[in-house]
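The values are calculated or read from the model by the stated rules, or taken from the named source; none is laboratory data. Nothing here was measured: the structure is a model prediction, and the numbers come from that model. Because the Cβ atoms are built from the backbone with ideal geometry, glycine has one as well, and the counts that use them run over all protein chains shown.
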Amino acid sequence: MKRVTARILSISLALVIALGCFSFAAAEEQINLTFWGWEASALEAQSIQNGITAFEAANPNIHVDYMTVPNSEYHTKLKTAMASDSAPDVFYLDAAYTRDFANNGLLYDLTDVIGDYVDMNDLINSSIEKVSIAGADGQNHIYGMDICCVGPVIFYNKDLFQAAGVEPIPTTVEDRWTWDEFVENMKKLTIVENGKTTQYGTCNWEETSSLYVMEYMLRLNNAKWFNDDFTQAVGVTSEASKQVFEMIKALRTEYGVAPDPTAAGMETGNSPTQMFLSGKVASIAIGSYALQEISRSGINYGAGLFPVLQEGNNDFIASADMKAIWSGTKNLDAALKLLTYMSSEDFGTPIYKTGLWMPSRLSMYSEDKLPLWFDRTVYPEGWENMMDMFKTSSGKWFDKIWNTKQIFDAVDEEKEAYFYIDQDLDTTLTNIQNRINENLAK
Amino acid sequence: MTNIRNKDWFWAVLFLLPSIVGLAVFTLYPLISSAYISLTDWGLLGDMNFVGFDNYIHAFKDATALTVFSNTILFTVVTVPVLLALPLLLAMALNRKMPMTRFFRATYFLPTISSMVAMSLIWQWMYNRDFGLVNYILSFAGIQGPNWLTSPFYALVAIMIVSVWKSLGYNMMLFLAGLQAIPRVYYEAADLDGCTGLRRLFRITLPLLRPTTLFITVMSIINSLQVFDQVMVITGGGPSRSSSVLVHYIYQCAFQYYEMGYGCALGWVLAIFIFLLTMTQFALNKEEYSIE
């Protein structure tokens with residue numbers, strides 16, 4: 001009896017120890033990841049949180065701490081966190097700063113592993129340009145992965161257009177307005193009462209250089225600001241650049257069809273989007289990300305393409321955030337899992353549906369996948385005509401440089417000096433080129 | 001006796017320890033670190049290389065640094081006198097017996113306890129040329145208001161107005177306390193001697209307010225030289241640096257351009273400038289101090 005009892009006790013003890021070890025092992029495998037992003041909108045943050053919840057359910061041993069940081073200070077905080085060795089494992093990265101981070105060895109090089117998770121042939125052209133950065137060895141390296149793109153479009157208020165008798169802005173390349181036609185239509189939409197403008201035709205053309213409008217206009221006019229490997233600014237002072245600066249300034253100062261911005265080069269109360277949504281402005285040139293906010297505003301809106309500036313130039317640019325892994329992460333495998341999940345269709349589809357993002361995967365534009373995200377109640381009439389532009393888009397110049405913040409600030413300072421202080425245009429463009437080169441040489 | 005002294009020392013050190021530790025960790029260490037970093041080319045990430053006084057030499061050659069420094073001086077030269085005169089007038093007005101005095105005191109003091117960032121956002125709305133409250137009010141007087149935040153002249157003026165609005169109540173309260181500390185007997189004696197009006201102001205009130213005035217002047221100058229929040233939120237230093245100030249540029253160099261060494265050097269230039277200016281003011285008021 002004693003022997004039986006002893007055996008039972010021994011087996012029980014062994015089981016307890018085994019279970020204990022198992023639980024200990026399981027507890028040991030529990031991984032905590034940190035993920036940072038900026039909050040473009042509360043809806044985006046919620047969509048990301050939903051995605052993280054789904055990721056955690058599929059990977060029960062991984063817990064993700066998600067933190068949002070205001071966009072304006074995002075990269076400053078990110079770099080400070082890296083300097084203090086407390087950076088997030090996975091994070092949003094504005095493509096414009098990729099080279100700044102990569103040059104400092106802060107990003108995990110995904111070149112050899114990303115192919116196991118992502119079909120690189122499925123990426124649209126601008127995305128390939130965005131995630132591939134030339135390294136010091138002359139080879140292209142992949143330091144991040146995306147799932148979305150954003151390109152420049154013109155949103156307009158259909159009711160105000162109808163009231164002014166202006167046709168909808170064309171959505172096909174062949175039908176695009178000329179710049180003169182655009183200006184004439186914007187004049188019709190501008191209302192002046194007792195010497196005071198109560199409604200403007202358009203806005204946001206003097207947008208900060210970190211966004212879309214200025215670069216797109218330059219490229220539509222065949223301007224080129226950099227050499228092929230983006231190590232030097234060349235051609236900034238060209239006639240094509242001059243024309244674009246003059247055209248944009250004239251909208252406000254000569255034709256009076258665009259309002260003065262509340263403040264120069266920054267997001268403000270009474271921002272161009274707010275002015276558009278409140279009916280004070282009939283159209284807005286802006287990144288397609290604005291569709292999410294516009295579609296929820298209740299206004300009767302449409303969207304169309306920028307005017308044609310040079311015959312045969314059908315260029316289109318796109319960019320957006322990507323996700324990257326900190327080179328100092330202690331949880332590389334889990335971080336890779338999270339990054340690739342956040343670069344998956346499952347993660348992107350709910351956000352495509354809101355209009356905030358457009359897909360950066362060619363397959364998402366196919367007949368069978370389009371119904372998954374192309375919501376007719378969000379995407380305005382004719383948007384499908386513009387989809388080819390996104391699919392064939394090129395990457396942005398400013399995504400390929402370094403010391404980007406200094407360069408953005410330098411370009412904006414000079415732009416503002418021309419737009420608001422009447423600095424001579426030749427001086428402005430010469431200064432821009434010199435200041436870009438000073439910063440690229442650092 | 002020695003034991004008592006030792007005991008006193010022990011308790012003195014014990015009670016002072018939290019302050020000493022706080023001062024060492026949060027003030028002395030950053031001070032010494034920043035002084036050292038200012039002599040390097042550290043960019044927040046990567047190695048620190050000693051560059052001697054290169055950053056300081058660069059500060060005096062950097063056109064942007066000179067622009068923001070002159071903006072800062074202009075800001076200080078305009079706002080400090082206003083922040084002395086207006087609060088003094090208000091304090092004198094509210095030091096009288098009149099209805100709703102407490103309401104007005106609280107109203108003027110309200111901006112002081114409000115968040116500068118939140119208030120700056122509201123001012124930004126109010127400054128909109130076409131749809132802002134400021135130009136709307138000006139229009140009643142037949143004045144076509146300027147485009148406050150995109151004009152190189154008015155952008156800094158707009159920041160000045162917000163700064164004065166924010167600090168007015170605080171300075172007014174200090175003057176009010178100073179006024180109420182003046183013994184009534186001086187005024188009674190002045191009445192008997194037939195001294196009234198402006199003579200009372202210049203012979204009694206202002207001389208007896210000198211310690212308060214000195215304190216407000218010193219603090220207003222320091223605060224003006226360190227102005228940041230409202231610039232960052234309302235104009236971001238634009239257009240084209242016309243409203244950018246030194247602390248805003250220091251922040252940009254250190255945390256946005258990752259030139260931490262240069263940012264620290266600019267910080268030390270500002271600190272030394274403020275120190276010299278403050279010492280000069282104390283020296284000029286030495287006589288007053290020796291009386292005190």
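Hey, A:Gln406 hits all of (1) under 30 Å from A:Gln49 (Cβ atoms); (2) at pLDDT below 95; (3) out of contact with any Gly (no Cβ under 7 Å at 6 or more places or on another chain) but one; which does it fall short on?
Status for A:Gln406: all satisfied but (1).
Hey, among A:Glu193, A:Glu207, A:Glu181, which residue is closer than 23 Å to A:Pro380 by Cα and among the acidic types (Asp, Glu)?
The match here is A:Glu181.
Does the range A:424-437 hold any residues that are of a type in the set (D, E, K, R) and in contact (Cβ under 8 Å) with a residue 24 or more places away in the chain, and which are they?
A:Asp426, A:Arg435 - these are the residues of the range A:424-437 that are of a type in the set (D, E, K, R) and in contact (Cβ under 8 Å) with a residue 24 or more places away in the chain.
Working carefully through the options B:Leu74, B:Leu90, B:Leu110, B:Leu86, find the one that is under 30 Å from B:Thr213 (Cβ atoms), exposed (fewer than 12 other Cβ atoms within 10 Å of the Cβ) and in contact (Cβ under 8 Å) with a residue 40 or more places away in the chain.
B:Leu110
Among (1) in a helix (DSSP H, G or I); (2) within 14 Å of chain B (Cβ to nearest Cβ); (3) among the hydrophobic types (A, V, I, L, M, F, W, C), which single condition is A:Leu251 missing?
Single failed check for A:Leu251: (2).
Is there any pair linking a residue in the range A:293-316 that is within 19 Å of A:Ala223 (Cα to Cα) to one that is surrounded by 21 or more Cβ atoms within 10 Å (Cβ to Cβ) and among the charged types (D, E, K, R), with Cβ under 9 Å and at least six apart or on different chains, and which?
Listed pairs, sorted by first residue: A:Asn313/A:Arg219; A:Asp315/A:Arg219; A:Phe316/A:Arg219.
Return only the number of the condition from (1) in contact with a strand residue (DSSP E or B) (Cβ under 9 Å, 6 or more places away or on another chain); (2) in contact (Cβ under 8 Å) with a residue 60 or more places away in the chain that B:His58 does not satisfy.
Tallying (1) in contact with a strand residue (DSSP E or B) (Cβ under 9 Å, 6 or more places away or on another chain); (2) in contact (Cβ under 8 Å) with a residue 60 or more places away in the chain, B:His58 fails exactly one: (1).
For the range B:204-292, which fully contained helices (runs of 4 or more DSSP H) count at least 2 residues that are touching a Phe, Trp or Tyr at 6+ places or on another chain (Cβ under 9 Å), touching a residue at least 12 places away in the same chain (Cβ under 8 Å) and within 14 Å of chain A (Cβ to nearest Cβ)?
So the answer is B:246-251, B:260-284.
Scan the helices (runs of 4 or more DSSP H) fully inside the range B:68-182 and keep the ones with 1 or more residues being within 18 Å of B:Thr217 (Cα to Cα), away from every other protein chain (no Cβ under 14 Å) and at pLDDT below 90.
none
Taking the conditions exactly as written (of a type in the set (A, V, I, L, M, F, W, C), more than 18 Å from A:Trp357 (Cβ to Cβ) and surrounded by 13 or more Cβ atoms within 10 Å (Cβ to Cβ)), does A:Leu43 satisfy them or not?
no
I need the strands (runs of 3 or more DSSP E) fully contained in the range A:129-246, keeping only those with at least 3 residues that are surrounded by fewer than 21 Cβ atoms within 10 Å (Cβ to Cβ).
Once the strands (runs of 3 or more DSSP E) in the range A:129-246 are filtered for at least 3 residues that are surrounded by fewer than 21 Cβ atoms within 10 Å (Cβ to Cβ), what remains is A:191-193, A:196-199.
Considering only the range A:184-219, state which residues are of a type in the set (S, T, N, Q) and under 26 Å from A:Gly165 (Cα atoms).
A:Asn185, A:Thr190, A:Asn194, A:Thr197, A:Thr198, A:Gln199, A:Thr202, A:Asn204, listed by residue number.
Taking A:Glu438 as meeting all but one of (1) within 14 Å of another protein chain (Cβ to nearest Cβ); (2) among the acidic types (Asp, Glu); (3) in contact with a Lys or Arg (Cβ under 8 Å, 6 or more places away or on another chain), write down the number of the exception.
(3)
If I filter the range A:386-435 down to residues being among the β-branched types (Val, Ile, Thr) and farther than 20 Å from B:Cys253 by Cβ, which single residue comes out as nearest to the other protein chains (Cβ to nearest Cβ)?
A:Ile421
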